[in-house]
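Report on the following structure.
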Amino acid sequence: MFRGLVPVPMPESFHLVLLIHAHQPCGNFGSVLEKAYADSYLPFVEHLEKHPGVHAGLHYSGPLLTWIEENRPEYFARLKALVQRGQVELVGGGFYEPILVSIPPRDQLDQITLLARYLEDRFGTRPTGAWLAERVWEPQLPSALAAAGVGYSLVDDIHFLSAGFEPEELFGAYIAEDRGQNVWLFPGQKALRYLIPFGKVEAVISYLREAAKAHPGGAAAMGDDMEKFGVWPGTHEHCYEDGWLEDFFTALEENANWLKVSTPAEYLANHAPLGRADLPTASYTEMMEWVLPTGVRQRYGAVQKEFASRPDVLSFLRGGSWRGFFTKYPESSLLHKKMLRVSARVAACPARRDGSKAADELVQARDLLLRAQCNDAYWHGVFGGLYSPHLRTDLWRNLIRAEVIADRLTPGALVARVEMLDYDSDGAAELLFTAPEYQVLLKPSDGGTIAALDFRPAAATLINSIVRRPEAYHTRLREVAGNTSKGEVASIHDQTRSKEPGLERFLRYDRWQRHAFRILLFDSARTHAQYETLELQEDPGLAGGQFQVKTSGAHDLDLFREHELTGLAKDGGPAPRLSLTKRFSFGPAPGGCEVGCEIGIKLNAPLAKPIAIGIESVINLLAPAEPDRFFETPKGQENLRFSGVLPGPLLRMEDGWQRIRIALHAPAAEEFWVSPIETVSESEEGFERVYQGSQILAVWRPDLTTQKSWSARLVWRVEAF
């Protein structure tokens, strides 16, 4: 058994306030939850049971609680026993772990109330505190939290330091206020976050002892993830097999004559606030670094290293705000704006008589909406699931289902219609086509492309890809390419691991958003291999330029662009001028729907050399190696990581999980070029390659060296089975 430092009597007890947070996102794999439960959630509680002197606040998100209740109900009995003996305080928050500042006020209240009621029903006590997802704070939060009955929360010390507090002022709790509404706030100590469990137990006790001498009767708070006690790489062995957590809890109890380990509510019940805290927008330090644009993040990291030995300077360094992920990742912004739209649609549904089928459906729609506010798929760092297609897909599916219910409950909504609006708040107008079978978001400002295509009969979002873009950690991957050596256990923020060798060869970066029906005009000598490596050198104006809307209706749209083709003039003359029309059509089809795109080209003069023209599809059917998802080829079924050339004019795909078939029909197209879209991203377990869908180019080689007009057509036929 570990024996800590020799206890020294203190005149007043110093407090260690622990708030440990456990979460699994909506849509995560059952196998992941099983492993996390076995490696972390269960042994952590088992250790608490053996050490009654260690009190803690525990927060579990709703998705994790419902999984535990269904799959490991005995865990609830153990938690309830710890609650009843006063050792554990269960802490509330948003049920589906949303970033509260990113969702509408009504949904904030519903999220917090839902978890509070759940905990009260299962464990007999209503929570008085709330965990803030990713510790994202904005100054208006006190009124939102107070309105939901929340008495306290915890943020990081950087929140306080950014407001001008001195480090020695952060050993207690403060009052935060907005429009006369108050909540208590604990400043979580970053030093403890890194010491527990990555430092030696003696170092943690020494830190607390020094704090106790300087702040008698005060408190040091630490709020962090339960997953760091068993789920993060190497931590199960470190915490349980090597005994770190047992030694730590033992040391806390052995020093009980001067150190009291308290739940947050226990501390607050017997202490006055240290004062008022008006805090700026902030999150934890790492999050505010991850949100920065890649180039800025690299420079920011360099400045951090330069002043690593100057904590007085580091307290002034702060990165961006969480909302910056919407700027950094348009895919996140699009998902977020979809969520806001569905929230408004559900809120606008007419009230229904309690107990009626329509009332039950409305309750279901609200729950689907709240599920789709789960934070993970909206951002990316070491954690965060924006690069995880299954997490993005789960949110999209919930939003599609909720929106379909809202349409069904709204008189007159079950008809084909088109709206022109700035859907994604980028300052440019989009067109939104909605019908019982589909919803299509089309962006004239980005090459006249389709950014999202929801197939409503299967609640499937078909494009759902992501741009391959430079990330700050790609430099680190290149530097350690091939290095798989393992060292001592370190914080997840300091590790460099790779799930497979040679990942650096997949670092390639897209020119355009991964939207569908983009027009690529390029040299006819270029090949599929160059398409795969993003080296077609396609004309940027046609691919990503602004298209004008000529006409639009509920089922169709005509776009137009005039464009000079530089470098394609004959005999040194002026650049040929091209007029491109792009006509979309949308409608029902047997078992599903059909989306067509017909392009027409007119030139004022023939071109100097042969060109090829492609219409690009982007389709993501998720898990690429699963046998129920495949391309149909002349040689048989190929999994979704297939790369190669297939004959035109017809290409079929099938997804047995979502039970949909997709046929691409491109009359007179010579061939289809198919290539997987694979990102290289950072995750808890290291760098990983992730399939984000397939790019599929229907290729034509028109003879525009002699003729001045040409047309082509690509049709998606989607059906449920």
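The values are calculated or read from the model by the stated rules, or taken from the named source; none is laboratory data. No experiment lies behind these values; they were computed from the predicted model shown. All Cβ positions, even for glycine, are placed from backbone atoms using ideal geometry, and neighbour counts span all protein chains on display. Protein only, heavy atoms only, side chains kept; ligands, DNA and RNA dropped before computing areas. Shrake-Rupley method; radii C 1.70, N 1.55, O 1.52, S 1.80 Å.
Give, as a single signed number, the net charge of other residues whose beta carbon lies under 13 Å from the beta carbon of A282, with Lys and Arg counted +1 and Asp and Glu -1.
Values: positive: R135, K190, R318, R323; negative: E134, E138, D156, D157, D278, E286, E289.
Within the 13 Å Cβ shell, the charges total -3.
Once Rh is set to the Kirkwood radius over Cα pairs, what Stokes-Einstein translational diffusion coefficient, in µm²/s, holds for segment 190-236 at a temperature of 10 °C and a viscosity of 1.306 mPa s?
In µm²/s, the coefficient is 136.
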*Mind listing which GluC sites (Glu not before Pro) in segment 513-558 are in a DSSP loop and have 16 or fewer other Cβ atoms within 10 Å?*
E535
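Apply the Kirkwood formula to segment 38-92: the hydrodynamic radius equals the inverse of the mean of 1/r over all pairs of different alpha-carbon atoms; give it in Å with one decimal.
Here the Kirkwood hydrodynamic radius works out to 11.5 Å.
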*Which of K338/K602; K80/K337; K190/K213; K337/K357 have a Cα-Cα distance over 31 Å?*
K338/K602; K80/K337
*Largest to smallest accessible area among W322, W512 [probe 1.4 Å]*: W512, W322
_Calculated P(r) tail over 18 Å for segment 596-721, as whole % of Cα pairs_ = 58
*For every other residue with a beta carbon closer than 11 angstrom to the beta carbon of K602, add +1 if it is Lys or Arg and -1 if Asp or Glu, then tell me the sum.*
+1
*Got the relative contact order for segment 526-626 handy, in percent, Cα pairs under 8 Å and 6 or more residues apart?*
18
*Under the Debye formula (equal points on every Cα, no solvent term), log10 I(q)/I(0) of segment 155-313 at q = 0.11, 0.16, 0.17 Å⁻¹*: -0.54, -1.10, -1.20
*Local electrostatic count at S206 - Lys and Arg +1, Asp and Glu -1, tallied over other residues with Cβ under 13 Å*: +1
*Volume in Å³ per residue [convex hull over Cα atoms, computed for segment 634-686]*: 119
*Alpha carbon centre of segment 612-656 versus segment 494-543: separation in Å?*
17
*With +1 on each Lys and Arg Cβ and -1 on each Asp and Glu Cβ, how big is the dipole of segment 343-382 about its Cα centre, in debye rounded to the nearest 20?*
160
_Cα-based Kirkwood hydrodynamic radius, segment 85-175, one decimal, Å_ = 14.0
*Computed [θ] at 222 nm, helices only, for the chain once each DSSP H run of length n ≥ 4 contributes -39500 (n - 2.57)*: -8500 deg cm²/dmol
*Starting from the Kirkwood radius over alpha-carbon pairs of segment 537-648, derive D by Stokes-Einstein at 37 °C in a medium of 0.692 mPa s and give it in µm² s⁻¹.*
188
_Added length on full extension, which subtracts the Cα-Cα distance from 0.36 nm per residue, V313 to E168_ = 50.7 nm
*Note down the accessible area of H555, probe 1.4 Å, to the nearest 10 Å².*
90
_Calculated log₁₀ intensity ratio I(q)/I(0) where the Debye formula runs over C-alpha points of segment 344-443, q = 0.15, 0.21, 0.23 Å⁻¹_ = -0.74, -1.17, -1.24
*Normalised contact order of the chain, rounded percent, pairs of Cα under 8 Å and 6 or more residues apart*: 11
*Note down the accessible area of M420, probe 1.4 Å, to the nearest 10 Å².*
120
*asked:* How much length would be gained if the chain were fully extended between Q140 and R276, taking 0.36 nm per residue of separation minus their Cα-Cα distance, in nm to one decimal?
replied: 47.5 nm
*Longest exposed-loop-site-free stretch of the chain, with trypsin sites (Lys or Arg not before Pro), DSSP loop and at most 15 other Cβ within 10 Å?*
201-351
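Can you pull the semi-axes for segment 125-202, root of five times each eigenvalue of the Cα gyration tensor, sorted largest first, whole Å?
Computed over segment 125-202, the values are 24, 16, 10 Å.
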*Pairwise Cα inverse-distance average, inverted: Kirkwood Rh of segment 1-148 (Å)*: 16.8
*When only Cα pairs under 8 Å and 6 or more residues apart are kept, what is the percent relative contact order across segment 647-721?*
36
*Taking the Cα centre of the chain as the origin and placing charges on Cβ (Lys, Arg +1; Asp, Glu -1), which of A344, L33, V45 is farthest toward the positive end of the dipole?*
A344
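I'd like to check one number: the per residue accessible area of segment 537-693, probe 1.4 Å, reported in Å² as a whole number.
41
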*Go through the chain and flag any cysteine with no other cysteine's C-beta closer than 4.7 Å, please.*
C239, C349, C593, C597
*Quarter of the Cα convex hull surface for segment 276-373, i.e. its orientation-mean projected area (nm²)*: 9.8
*Which of D558, D571, D242, D407 is most accessible, then next, and so on - probe 1.4 Å*: D571, D242, D558, D407
_Residue among V155, H528, F229 farthest towards the positive dipole end of the chain, charges placed on Cβ_ = H528
*asked:* Sort 457-465, 162-170 by the packing proxy (mean of other Cβ within 10 Å over each peptide's residues), most packed first.
replied: 457-465, 162-170
_Per-pair calculated FRET efficiency, R0 = 60 Å: E70 and A429 via Cβ, rounded to 0.05_ = 0.85
*asked:* If I ignore ligands, DNA and RNA and count only protein heavy atoms, how much of Y60 is accessible to a 1.4 Å probe, in Å² to the nearest 10?
replied: 10
_the chain - convex hull of the alpha-carbon atoms, volume per residue in Å³_ = 175
